[in-house]
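These notes concern the structure reproduced below.
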Amino acid sequence: MRAYQELSKAELLSLKEELEKAYEEEKGKGLKLDMSRGKPSVAQLDMVMDIFNVLNSDSDMTSTEGVDVRNYGVLDGLIEAKHMMADIMGISADHVIIYGNASLNIMYDAVSSAMTHGVMGCTPWCKLDQVKFLCPVPGYDRHFSITQHFGIEMIPVPMTPQGPDMDMVEQLVAEDESIKGIWCVPKYSNPQGYTYSDETVRRFANLKPAAKDFRIFWDNAYAVHHLYDEEEHQDKVLEILSECEKAGNPDMVYEFASTSKVSFSGAGVAAIASSKGNLDCIRKTLTIQTIGYDKINQLRHVRYFKNFDGIKAHMRKHAALMRPKFEAVLNSLQRELAGTGIGEWTNPNGGYFISFESMEGCAKAIVAKCKEAGVTLTGAGATYPYGRDPRDSNIRIAPTYPTPEELAQATDLFVLCVKLVSVEKLLAQMG
């Protein structure tokens, strides 16, 4: 297939006419499809419905340590729930505190607490003249929303297939005491699906930040979310807590995880993992904040999955539903756009997204054309701090929620819009 940049003006005009006709036909279909967020499909949610059969009015509601889960107590979570979440993160249970239903809430709390009360005895961030965060880009829009909400200045750091640009990270945190944290999705990153290399993780663990209260916000959201059953097609990420301990930086990381895309979205179990020093400080706040989170839900999840093998078996069911969708999108992109010079995309082994890079200055127009024809995508720019993609090129594709039939329609329209907007851009450049 010829690159669009090699086409003459006459050829581009002819192609534009053809694409516009096809686009009008797509608009006439009255599509109403949503690919804006990485949500589990109805089929994925249906397959865990039997979790409600685990506990009923006849069930033993006592934990392994003899705790009546219906009552107050156990501030930081059932021990068996700690083991379940520790297994997901690949750590020991004594590093874990169990929260409620969503890890995003824990991240918000961690930033909020640092703002109002400081981190391990350091000055509260709200009393400082400047507070900054490093933000690998493209990245997770909800991370950026938290720091923006608190008025924290966000500094973009380019992502590579091995993780964030560590030369830049190391230099910035060493030189600037106002940099207090960095957002990370270390495995199957949102949106590119990249996994940090061992070298990247070790460089994180060996950072020498100017700020004593600098923290790595390690959002291990996709720890067990592989698309393929074969181990050679499953990414692995080095365990960060132990690496930080080896490097003499045990307090430098907060790790987050949940079962939101394992069991039910917004109705799972979430946890933070960190050093003893960090966890002791967090518990002091928790004694004020809550009498304890939902232990019944914790027990339900533990008895449903039983052990880590049970979690892995369940995640293979998720993969069986998701894999054909990812492959359908990737095959369509390869078939229709490879060699055209108007788009590049990632090919992840797990997670929930495919990252697409259009020609510079085209992403917003592509997303707008898709929406006009009935397919809603994540807003262009959402994967950058303040919603500003300097190249206007990144688009996050979320294949999981639509049915296979809907996904085929949505992908056809997306490819069509990429072609049409790219042709319009090239013609505009020709004057």
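The values are calculated or read from the model by the stated rules, or taken from the named source; none is laboratory data. Source: prediction; values computed, not measured. With ideal geometry, Cβ positions are generated from the backbone for all residues, glycine too; neighbour counts draw on all protein chains shown. Just so you know, the surface numbers come from the protein's heavy atoms only, side chains and all, with ligands and any DNA or RNA stripped out. Shrake-Rupley method; radii C 1.70, N 1.55, O 1.52, S 1.80 Å.
Out of every Cα-Cα pair in the stretch 34-119, what percent are more than 20 Å apart?
Working: 2136 of 3655 pairs.
Counting every Cα pair in the stretch 34-119, those more than 20 Å apart make up 58 percent.
Taking the simple approach of a point 7 Å from Cα along Cα-to-Cβ for both Asp229 and Glu153, what is their distance in nm?
Going from the Asp229 label point to the Glu153 one covers 5.2 nm.
Which lysines have a Cα less than 18 Å from the Cα of Lys16, not counting those fewer than 8 places away in the same chain?
Excluding near neighbours in sequence, the set is Lys27, Lys369, Lys419, Lys425.
Rank-order 72-79, 304-311 by packing density, defined as the average count of other C-beta atoms within 10 Å over each peptide's residues, highest first.
Order by mean packing, descending: 72-79, 304-311.
Within the stretch 126-246, what whole-number % of the accessible surface is contributed by carbon and sulfur, with the 1.4 Å probe and all protein chains included in the calculation? All intermediate terms of the calculation are to be shown ahead of the outcome.
Numbers: 2150 of 4920 Å².
Its accessible area is 44 percent carbon and sulfur atoms.
Of all trypsin sites (Lys or Arg not before Pro) in the stretch 1-87, which ones are in loop regions per DSSP and have a Cβ with at most 12 other Cβ atoms within 10 Å?
Arg2, Lys29, Lys32, Arg70
For the chain, modelled as a Gaussian network with Cα springs under 10 Å, which listed residue fluctuates most, Ala313, Ala368, Ala93?
Ala313
Rounded to two decimals, what is the ratio between the C-alpha radius of gyration of the stretch 285-408 and 2.2 N^0.38 Å?
Values: Rg = 19.6 Å, N = 124, 2.2 N^0.38 = 13.7 Å.
With N residues counted in the stretch 285-408, Rg over 2.2 N^0.38 Å equals 1.43.
Roll a 1.4 Å probe over the protein heavy atoms and report the accessible area of Asp294 in Å², nearest 10.
Using a 1.4 Å probe on the heavy atoms, I get roughly 90 Å².
Rounded to whole Hz and in sequence order, give me ³J(HN,Hα) for the stretch 253-270 from the Karplus expression 6.51 cos²θ - 1.76 cosθ + 1.60, θ = phi - 60°, writing x for Gly and Pro.
Here the 3J(HN,Hα) series is 10, 10, 10, 10, 7, 7, 9, 4, 10, 9, 9, 10, 5, x, 9, x, 10, 10 Hz.
Scale the Cα Rg of the stretch 294-337 by the rule-of-thumb value 2.2 N^0.38 Å and send over the ratio, two decimals.
For the stretch 294-337, the normalised Cα radius of gyration is 1.81.
Quick one: the Cα spread of the stretch 281-355 along its three principal axes, in angstroms, biggest first?
Taking the Cα atoms of the stretch 281-355, the three principal extents are 58, 29, 15 Å.
Can you compute the FRET efficiency between Glu405 and Glu245 using 1/(1 + (r/R0)^6), with r the Cβ-Cβ distance and R0 = 56 Å? Round to the nearest 0.05.
0.65
In square angstrom, what is the accessible area per residue of the stretch 10-159 with a 1.4 angstrom probe? Intermediate values should be presented prior to the final figure.
Working: 7430 Å² over 150 residues.
Heavy-atom accessible area per residue stands at 50 Å².
What trypsin sites (Lys or Arg not before Pro) does the stretch 167-249 have in DSSP loop regions with at most 16 other beta carbons within 10 Å? Mind dumping the intermediate values first?
Numbers: sites: Lys180, Lys187, Arg202, Arg203, Lys212, Arg215, Lys236, Lys246; in loops: Lys187, Lys212, Lys236.
Filter output for the stretch 167-249: Lys212, Lys236.
Would you calculate the convex hull of the Cα atoms in the chain and tell me its volume per residue in Å³?
Taking only Cα atoms, the chain has a hull volume of 148 Å³ per residue.
Just for the Cα atoms in the stretch 34-83, what are the lengths along the principal axes, largest first, rounded to whole Å?
If we take the Cα atoms of the stretch 34-83, the spans are 45, 26, 19 Å.
Per residue, how many Å² of accessible area does the stretch 232-325 show with a 1.4 Å probe? Mind dumping the intermediate values first?
Numbers: 4010 Å² over 94 residues.
Spelled out: the 1.4 Å probe surface of the stretch 232-325, per residue, equals 43 Å².
Scan the stretch 137-200 for GluC sites (Glu not before Pro) in coil per DSSP, keeping those whose Cβ has at most 16 other Cβ atoms within 10 Å, and list them by number. Walk me through the numbers on the way to the answer.
On the way: sites: Glu153, Glu170, Glu175, Glu177, Glu199; in loops: Glu177.
When the GluC sites (Glu not before Pro) of the stretch 137-200 are filtered for loop state and at most 16 Cβ neighbours within 10 Å, Glu177 remain.
How high is the FRET efficiency from Thr64 to Ser178, r the C-beta distance, R0 35 Å, rounded to 0.05?
0.15
How far apart, in nm, are two points set 7 Å out from the Cα along the Cα-to-Cβ line at Asn307 and at Lys276?
Using points 7 Å along Cα→Cβ, the separation is 2.9 nm.
List the residues whose amide H sits under 5 Å from the amide H of Thr160, counting only those 5 or more places along or on another chain, with H placed 1.01 Å from N in the peptide plane.
For Thr160, whose amide H was placed from the backbone, the distant partners under 5 Å are Asp165.
Return the FRET efficiency for the residue pair Asp412, Arg391: r is the Cβ-Cβ distance, R0 is 41 Å, and the value is rounded to the nearest 0.05.
E(calc), rounded to 0.05, equals 0.95.
Under 25 °C and 0.890 mPa s, how fast does the stretch 126-214 diffuse according to Stokes-Einstein, given a Kirkwood radius computed over C-alpha pairs? Answer in µm²/s, whole number. Working shown, then result.
Details: Rh = 13.2 Å.
Using the Kirkwood radius from Cα pairs, D works out to 185 µm²/s.
What is the distance in Å between the Cα centroid of the stretch 4-57 and that of the stretch 158-223?
32
May I ask what percent, to the nearest 5, of DSSP beta bridges between residues of the chain are antiparallel?
Percentage antiparallel, nearest 5: 45.
Could you give the length gained on full extension between Glu6 and Gln162, defined as 0.36 nm per residue of separation minus the Cα-Cα distance, in nm? Intermediate values should be presented prior to the final figure.
On the way: separation 156, 0.36 × 156 = 56.16 nm, distance 3.25 nm.
Between Glu6 and Gln162, full extension yields 52.9 nm more.
Using a 1.4 Å probe on the protein heavy atoms, what percent of the accessible area of the stretch 259-355 belongs to carbon and sulfur?
53
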